[in-house]
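Single-structure report; data block below.
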Amino acid sequence: MLVIFDCDGVLIDSEAIFCAVDAEALTKLGHPTAASTIAERFAGIPHRTAWQTLAGEHRLNLPDCWLDDLLRECDRRFITELKAIAGAADAITKIKNHGHEVCVASSTDLTPLADNLDRTGMLGHVTPNVFSVSQVKRSKPAPDVFLFAASQMGFDPTDCIVVEDSVAGVTAARRAGMRSVGFIGGGHAYDTLQMRLLDAGAACICSSMAEISDLIGLIEIASCANAKPENSLGRVLS
């Protein structure tokens, strides 16, 4: 089995920083916005796509350097604020020890994706199996990056499970014919995230990396899609 991890908000706690920077920028433009609102709408979607949407909605005439300036601000904050999700490295190790393959498939461009994984000490746990939206035609919620990752790793979609923190990502996994675990342990998680991930097609929900490694390592993955609902995180909630 291949376990495909999203990166931002799953392996590294970057989504909270992205969302805070975007919310602050939109607020300064005269449209007060909370970071949780940005997370709910745009987590898992490329930064450029998010700002194209916002510019259209608010009729913003943004300078050509706007996105680059925002990404530089994010990168500046990453230097002191960016951390790996607690337990991510241990979870990957346990999953591998159970005989499964692991890779990353992200909506972030390949160079900053590798840089951010390296900055948080996660790159060594997944290299060279790191795949990016910059290698495919369409971004999430299209399935392209997950299908590309599976192909490069030599797995059929039915033999893959995706760990995702966003509606766009879970939708992409479903469209790829892959099962998904919804992760709600990132710093950007909002009140309705669990239900939205389930509604999008996640087979189950986990709030910590320990739960993910236990779920994938100790339970046959078919049971994640077919078992009865149970009322606790880390259990099947379909």
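Which is farthest toward the positive dipole end of the chain among Cys7, Ala84, Ala142, measuring Cα position about the Cα centre, with Cβ charges +1 (Lys, Arg) and -1 (Asp, Glu)?
Ala142
Given the options Asn97, Asn61, Asn129, state which has the largest fluctuation in a GNM of the chain using a 10 Å cut-off (strictly under) for Cα springs.
Asn61
Taking a cut-off of 15 Å between Cα atoms, list the aspartates and glutamates near Lys137, but don't count ones fewer than 8 places away on the same chain.
Asp109
For the pair Lys96 and Thr158, what calculated FRET efficiency results from E = 1/(1 + (r/R0)^6), where r is the Cβ-Cβ distance and R0 = 22 Å, to the nearest 0.05?
0.60
Could you derive backbone 3J(HN,Hα) for the stretch 132-146 from the dihedral phi with the Karplus parameters 6.51, -1.76 and 1.60 (θ = phi - 60°), listing whole Hz in sequence and x where the residue is Gly or Pro?
9, 4, 5, 9, 10, 7, 10, 8, 4, x, 5, x, 3, 5, 6
Neighbouring Cβ atoms within 10 Å as the yardstick, rank Thr158, Thr120, Thr49 fewest first.
Thr158, Thr49, Thr120
Treating only the Cα positions of the chain as identical point scatterers, give the base-10 log of I(q)/I(0) from the Debye formula at each q in 0.08, 0.12 Å⁻¹.
Computed log10 I(q)/I(0) values: -0.27, -0.62.
Going by amide H atoms built from the backbone, whose H comes under 5 Å of the H on Ser132, apart from near neighbours?
Ser106
List every residue whose amide H lies under 5 Å from the amide H of Ile205, counting only residues 5 or more places away in sequence or on a different chain, with H placed 1.01 Å from N in the peptide plane.
It is Gly182, Gly234, Arg235, Leu237, by chain and number.
What's the magnitude of the charge dipole for the stretch 15-81 around its Cα centre, counting Lys and Arg as +1 and Asp and Glu as -1 at the beta-carbon? Answer in Debye, nearest 20.
On the way: 7 positive and 11 negative charges, 24 e Å.
For the stretch 15-81, the charge dipole is close to 120 debye.
Pop out the ³J(HN,Hα) list for the stretch 180-188 in order, Karplus 6.51 cos²θ - 1.76 cosθ + 1.60 with θ = phi - 60°, rounded to Hz; leave Gly and Pro as x.
Each residue of the stretch 180-188 in turn: 9, 10, x, 10, 10, x, x, x, 8 Hz.
Between the alpha-carbon centers of the stretch 153-197 and the stretch 46-105, tell me the distance in whole angstrom.
What the calculation gives is 16 Å, centre to centre.
Once the Cβ-Cβ distance between Ala86 and Asp64 is put in as r, and R0 is 41 Å, what FRET efficiency do you end up with, to the nearest 0.05?
Efficiency, from the Cβ-Cβ distance: 0.60.
DSSP beta bridges in the chain, what fraction antiparallel, as a percent rounded to 5?
10
Determine the shape class of the stretch 79-163: with a ≥ b ≥ c the square roots of the Cα gyration tensor eigenvalues, call it rounded for a/c under 1.5, and otherwise prolate if a/b is greater than b/c, oblate otherwise. Could the numbers behind the result be given before it?
Numbers: a/c = 2.10, a/b = 1.15, b/c = 1.83.
Oblate is the answer for the stretch 79-163, as a/c is 1.5 or above yet b/c matches or exceeds a/b.
Would you mind putting 177-189, 27-39 in packing order, based on average other-beta-carbon counts within 10 Å, highest first?
Values: 177-189: 23.1, 27-39: 15.5.
With the highest mean Cβ count within 10 Å placed first, the list reads 177-189, 27-39.
Ranked by Cβ crowding within 10 angstrom, fewest neighbours first, how are Arg72, Arg175 ordered?
Arg72, Arg175
Here, each number is a calculation from the coordinates, and none is a lab measurement. All values reported here derive from a predicted model rather than from experimental measurement. When we count neighbours, we look across all protein chains shown, and the Cβ atoms used for this are built from the backbone with ideal geometry, even at glycine.
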